[in-house]
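Working notes, structure below.
The values are calculated or read from the model by the stated rules, or taken from the named source; none is laboratory data. No experiment lies behind these values; they were computed from the predicted model shown. Positions of Cβ are generated from backbone atoms using ideal geometry, with glycine treated the same way; all protein chains shown enter the neighbour counts. Surface accessibility is based on the protein's heavy atoms, side chains included, excluding ligands, DNA and RNA. Shrake-Rupley method; radii C 1.70, N 1.55, O 1.52, S 1.80 Å.
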Amino acid sequence: MSFNTFGHLFRVTTWGESHGPALGATVDGVPPGVALSETDIQPWLDRRKPGQNKFTTQRKEADEVRILSGVFDGRTTGTPIQLMIENTDQRSKDYGDIALSFRPGHADITYHQKYGVRDYRGGGRSSARETAARVAAGGVARQVLAALVPGLRVTGYMVQMGTHGIDRARFDAAQIEENPFWCPDPVAAVEWAAYLDELRLSHNSVGAVIEVVAEGVPAGLGAPLYGKLDSDLAAAMMSINAVKGVEIGDGMAAAALTGVENADEIRMGPNGPEFLSNHAGGILGGISSGQPVVCRFAVKPTSSILTPRRTINARGEEIDLITKGRHDPCVGIRAVPVGEAMMACVILDHLLLDRGQTGGQRGRIG
């Protein structure tokens with residue numbers, strides 16, 4: 001079993017390595033007749049691609065996507081869609097010194113222990129470069145969602161860098177696209193720039209927390225116990241490189257609440273049930289409630305830094321290692337479009353599952 005595929009009905013298999021000739025995704029389960037072209041996918045890849053500012057890796061990749069199959073005359077055929085993104089700016093020589101050494105915080109040592117062989121050039125499959133394929137697949141998912149659920153919107157943003165969080169009283173969605181951190185707090189964005197500049201120049205890195213919200217999600221997606229929408233969301237976000245924790249709704253903070261505080265009370269509105277709060281993050285018993293679906297994940301600091309770290313090599317010798325190359329001082333920045341893509345893929349997958357099981361039938365209220 002290769003474990004390179006995720007999803008149930010909307011299934012995505014990613015392939016390729018950081019320093020190989022190309023990488024991409026095979027997307028299966030897309031309904032036929034949906035309008036789709038490279039220009040529908042490319043804007044999402046442009047948001048993720050490296051080298052756009054001094055706060056991300058200076059590797060220069062156009063990340064131009066090509067659709068090789070599954071589309072005819074501008075519409076999906078219902079057959080597998082093959083997406084390819086060529087690598088054009090590999091610098092494999094940067095990794096020659098670590099071919100036999102294990103970078104602390106990286107998957108080098110566990111890959112070696114499991115497989116006995118690894119692609120040391122940029123980490124191979126463990127590289128965050130793999131996420132370009134996910135974002136391309138997410139672009140496909142967004143097109144299908146736009147056709148099936150007009151008005152559904154997925155938005156990601158950074159809410160914390162290191163110990164510095166946003167002030168939600170200053171939350172301004174219009175600011176998300178106006179700074180390099182996808183930050184909805186304009187004051188925090190300025191502070192983070194100075195903070196990350198200092199870390200970058202001192203050969204250090206830092207982690208981050210990303211929040212992804214899906215609005216307009218219909219009630220009824222997901223299933224109790226083993227088909228929960230939130231368990232699939234958590235698995236999808238946890239599969240992103242460098243992610244070490246996932247929350248739905250209030251998440252871990254819910255443990256500090258009382259039952260009175262935590263219960264999302266309900267009243268009857270003109271168009272159906274209306275919740276007075278959203279501590280549950282739009283999911284109750286594994287099933288969407290119709291409220292915004294809120295997911296948050298923590299990204300660890302980039303492990304590749306120019307500060308010497310103690311480690312060992314394949315011969316078991318203790319050494320000090322500096323990881324050269326072009327790396328993100330805060331990999332969480334480019335994780336925002338990736339989190340959005342994974343949210344879109346999971347929501348679409350569960351929408352298709354619900355159509356197959358219930359045909360869209362819903363229990364009547366009022």
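Details
- In the range 119-136, the residues that are surrounded by fewer than 24 Cβ atoms within 10 Å (Cβ to Cβ) and either touching a helix residue (DSSP H, G or I) at 6+ places or on another chain (Cβ under 8 Å) or of a type in the set (K, R) (or both): D119, Y120, R121, G124, R125, S126, A128
- Given (1) open to solvent by 30 Å² or more (accessible area, probe 1.4 Å); (2) modelled with pLDDT of 95 or more, number of the condition R364 does not satisfy: (2)
- Taken over the range 275-319, residues that are within 19 Å of C345 (Cα to Cα) and either in contact with a helix residue (DSSP H, G or I) (Cβ under 7 Å, 6 or more places away or on another chain) or not in a loop (DSSP other than H, G, I, E, B) (or both) amount to 9.
- One residue stands out among those in the range 215-244 that are among the aliphatic types (A, V, I, L, M), over 20 Å from the mean Cα position of the chain (by Cα) and farther than 17 Å from V294 by Cβ: the one that is modelled with the lowest pLDDT, which is L225.
For every residue, the table says whether it meets (1) touching an Asp or Glu at 6+ places or on another chain (Cβ under 9 Å); (2) open to solvent by 40 Å² or more (accessible area, probe 1.4 Å).
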position	(1), (2)
G138	yes, no
A147	no, yes
R153	yes, yes
D167	yes, yes
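- Test: residue in the range 278-287 that is modelled with pLDDT under 95, surrounded by 17 or more Cβ atoms within 10 Å (Cβ to Cβ) and β-branched (V, I, T): no
- The range 263-275 residues that are farther than 12 Å from I365 by Cα, paired with ones that are aromatic (F, W, Y) and surrounded by 11 or more Cβ atoms within 10 Å (Cβ to Cβ) (beta carbon under 8 Å, 6 or more apart): D264/F275; E265/F275; I266/F275
- Hits in the range 13-36 - residues which are hydrophobic (A, V, I, L, M, F, W, C) and closer than 12 Å to L348 by Cα: V30
- Scan of the range 243-274 for residues that are open to solvent by 50 Å² or more (accessible area, probe 1.4 Å), among the hydrophobic types (A, V, I, L, M, F, W, C) and outside any loop (DSSP other than H, G, I, E, B), ordered by number: M252, A253, A255, A256, V260, I266, M268
- Here N204 meets the list (1) under 30 Å from A141 (Cα atoms); (2) touching an Asp or Glu at 6+ places or on another chain (Cβ under 9 Å); (3) open to solvent by 60 Å² or more (accessible area, probe 1.4 Å) almost entirely, failing just condition (1).
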